[in-house]
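Have a look at the structure below, then the notes.
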Amino acid sequence: MCRNAFTTTLSSRLALKVGYDLTYKNKPASVAVDVVKTPITTPPVILGQVPFFLKRTDSVFTTSLVITF
């Protein structure tokens, strides 16, 4: 996991923080996705499920504005 952040003071009462988090997992997660018969009817006909593998790397960009009273 890699976490970087930068904070700067804009004035005596105001500050800005920018961050970036990067997480790596060797074994990617997977979710089951329904396979639906087309054309879609009401109610939909589900034929089964297939695994869908997610990315190994997750990234999060954050910003914070700090106001001091």
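The values are calculated or read from the model by the stated rules, or taken from the named source; none is laboratory data. Predicted model, so just to flag it, every value in this text is computed and none were measured. Neighbour counts run over all protein chains shown; Cβ positions are idealised from the backbone, glycine included.
If Y24 satisfies all but one of (1) at pLDDT 90 or above; (2) in contact with a strand residue (DSSP E or B) (Cβ under 9 Å, 6 or more places away or on another chain), what's the number of the condition it fails? Failing condition for Y24: (1). Apart from one condition, D58 fits all of (1) closer than 30 Å to N4 by Cβ; (2) acidic (D, E); (3) free of Cβ contacts under 8 Å to residues at least 24 places away in the same chain; the exception is (3).
Could you list, in sequence order, all residues of the range 14-55 that are within 27 Å of R3 (Cα to Cα), of a type in the set (S, T, Y) and without any contact (Cβ under 8 Å) to a residue 40 or more places away in the chain?
We begin by selecting, within the range 14-55, every residue within 27 Å of R3 (Cα to Cα); these are 14-31, 53-55.
Then keep just the ones that are of a type in the set (S, T, Y); that gives 20, 23-24, 30.
T23, Y24, S30, listed by residue number.
Looking only at the range 1-55, residues that are part of a strand (DSSP E or B) and either farther than 30 Å from L65 by Cα or of a type outside the set (K, R) (or both) come to 32 in all.
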